[in-house]
Each structure stands twice: as C-alpha cells, then as structure tokens.
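The values are calculated or read from the model by the stated rules, or taken from the named source; none is laboratory data. Predicted, not measured: the structure shown is a model, and the values here were computed from it. In this analysis, Cβ positions are derived from the backbone assuming ideal geometry, glycine residues included, and neighbour counts consider all displayed protein chains. Note: areas computed on protein heavy atoms with side chains; ligands, DNA, RNA excluded. Shrake-Rupley method; radii C 1.70, N 1.55, O 1.52, S 1.80 Å.
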Amino acid sequence: MQSLRNAAVAASLALLCLAPTNTRAEPDGFFLGSGREGAVTLTISRVVNSYAPIAAPLAPGDTQVQIGTVRGGSFASGDLVMLWQTTGLVPEPASGATGPFDVGSAAVGHWELARLSGATGGTLNLTAPLLAEFPANVSQVVRVPEYSALTINAGGSLQALPWDGSSGGMVAALVSGTVTNNAASGITANAAGFRGGGYADDPTGSVGCTGLDEPAPLGARKGEGIAVTRYGPAQSGRGRVANGAGGGVCWLSGGGGGGNGGSGGQGGNTELTVDGNRAMGGQGGGALTTASERRVLLFGGGGGGGHGGN
C-alpha cells in the first residue's frame, strides 16, 4: 500500500503521465487543481479523460477550439483541458537517419492548460487566450479531471484510451489533496501510445532484401513515431523514421524497437540457412533529445513489424 499525505508529492503522482508544469493560458496557473470533482475512490478500471483531435489550426490569442470526434466522455463549461501537439515533427528526418533527434526547437510535444467557459457541438470556448499555436490533425485536447483526493484500491486503475492516430494515449489528472494507491497498476498508459508496425506475410520466402523503404511483402511495416506521414500500410522497410522503428526485411527478420529517451534495439537477423543470417532486422527508433530547457511530452516510438510467411 502506498499512502501519500503531502499535497505536493500527491500532485506529482497524479501528474505521472503529464510532465512538469509548462506554459498555460491562465496567468495565475492551475497548480494542484480546484478539487471541483471531489474525492474519488476507484475499485474498477476507468478512463477518466475525454479526448478529441483539434480540427482547425490554433494561433496565440485564440479563445475557440474546433474539435473532431470526442472519445471517452464529453467536455463542459468549467472543465480544465490540456491542448497537446502529439505528433507532426517538422521537418521529418529521412528514413534511416541515425539521430538522436533534437526536439528542443520543434513544436511537437508542447502543451498548454486552459479552462473552458463553454462547450457547444464541435466548439470549445476558453476563459483566456492561448499562448501557443497548435496545428490541426496532429494536436489534441484532453479533459483533465480535478479531484480533492484520489484513492485507487485493488482492482482499480486510471487508464488511458489508446491512441488511434488522432487522440488518446495519455492519463492526466490533478489532485489537490491525498493520493492513495493500493493497486498494482493504479495509473497506466501502458501500450496506449504510438502503434506498432504490421507483420509482413511473404509466402514466397524472399531473400536478399536490403531496402530502408522496402515495399511489402519484402519489408514489414514501420512503427509509428512523431514523423506523422511515415506510418501506414505503404510505409515499410527497415529504416527508422525519427523514434518510429523499422520493420524487418526478407526472410524471418525481426522488427526494431521504438525509441524515446534512448534508441530502440535492432530487430533480429534473417534466417540462417535460407537468407544467410544477415543483419536486416528493422532499425531501432532513434532517441529524442532536447538541448533546451523546454519541457515536452512525447510518446515512445512504435516497434516495427516482423517478416515471415504463411
């Protein structure tokens, strides 16, 4: 059992899946939250956040947010929300670029807290102007509950709704009082972030492949990362793209591991007797670094798919 009596320490656990306090729209800050939703005790797994993609670009000074489909709940006047650019690194690195990739001057990963004065249809109204810009289709808005106390008992957990390419993937809450965690996985976003690459089914048993962008079925799909255009059915081959790992190419090679604070491991070699045990497993996703004091929030990269047949 873990019981925390210090409010400041409790808040740091409640923000485990966020990051340290960053720039925000309200001038006085939100600190530990208002506690407006009272004390909560969980005995089952629960998604406490609502998520929606930002559907139109936002500029500093904007007070309205156009959103797409809401997942996990709803938004209402008085809610605290977090706006977050989840993906969309510009410029995107070339396939196979080694990294590490400095995101210190990039917009991807930045976030900002704001309070809603209203929520009607696909429009969220803010009580104060935004400080930063948020591009459409790569950014999302997340409702952040504010508890006066939080107790998670055995069988309970705060869980993230999985990232679907537009929204989800994080757990965020503020707690002004005590957090008590009696559960094995009390706050978890495990396997809810960037998606892995798909398996390559190559029944002909291809050999000799080397391509960083080897087309299927010779190459398995790359894992998802902050290079948003380089994930999908047409994105295959062993070359990493930023923190997204490469897929294995040719007979029975493995996919690479995703990168984040460090780089991921390379996938396993091709099969020995048929394809010579060649080092053609997917490249591990690159490490993401920041040389500045700017604080960012980033998913770890998805792992690449493996190659096989039948």
So if we plug the beta-carbon distance of PHE31 and THR63 into 1/(1 + (r/R0)^6) with R0 = 35 Å, what FRET efficiency do we get, rounded to 0.05?
0.95
What are the residues whose amide H is under 5 Å from the amide H of THR289, where those residues sit 5 or more places off or on another chain and H is modelled from the backbone?
PHE101, ASP102, VAL103
Tell me, what ³J(HN,Hα) does each residue in the stretch 95-110 have, in order and in whole Hz, if you take phi through Karplus 6.51 cos²θ - 1.76 cosθ + 1.60 with θ = phi - 60° and put x for Gly and Pro?
4, x, 4, 7, x, x, 9, 7, 9, x, 9, 8, 7, 4, x, 6
Karplus-derived HN-Hα couplings along the stretch 258-263 (A = 6.51, B = -1.76, C = 1.60, θ = phi - 60°), whole Hz, x at Gly and Pro:
x, x, 7, x, x, 7
I need to check one value: relative contact order of the stretch 64-149, counting alpha carbon pairs closer than 8 Å and at least 6 residues apart, in percent.
46 percent
I need the phi-derived Karplus couplings for the stretch 252-257: 6.51 cos²θ - 1.76 cosθ + 1.60, θ = phi - 60°, integer Hz, Gly and Pro marked x.
6, 6, x, x, x, x
Roughly to the nearest percent, how much of the accessible area of the chain is carbon and sulfur, given a 1.4 Å probe?
52 percent
Solvent-accessible area per residue for the chain at a 1.4 Å probe radius, Å²?
40 Å²
Using the alpha-carbon centroid of each, what span in Å lies between the stretch 86-103 and the stretch 196-272?
16 Å
Under-5 Å amide H pairs with GLY255, H placed in peptide plane, nonlocal only:
GLY248, GLY268, GLY282, GLY306, HIS307
Positive end of the charge dipole of the stretch 133-224 (Lys, Arg +1 and Asp, Glu -1 on Cβ, about the Cα centre): tell me which of GLY165, THR188, VAL138 has its Cα farthest that way.
THR188
Assigning unit charges at the beta carbon (Lys, Arg +1; Asp, Glu -1) and nothing else, what dipole magnitude in debye, to the nearest 20, does the chain show about its Cα centre?
400 debye
According to a simple spin-label model (label point 7 Å from Cα along Cα-to-Cβ), what is the distance in nm between THR123 and VAL274?
5.9 nm
Given points 7 Å out from each Cα along the Cα-Cβ axis, report the THR204 to ALA191 separation in nanometres with one decimal.
3.4 nm
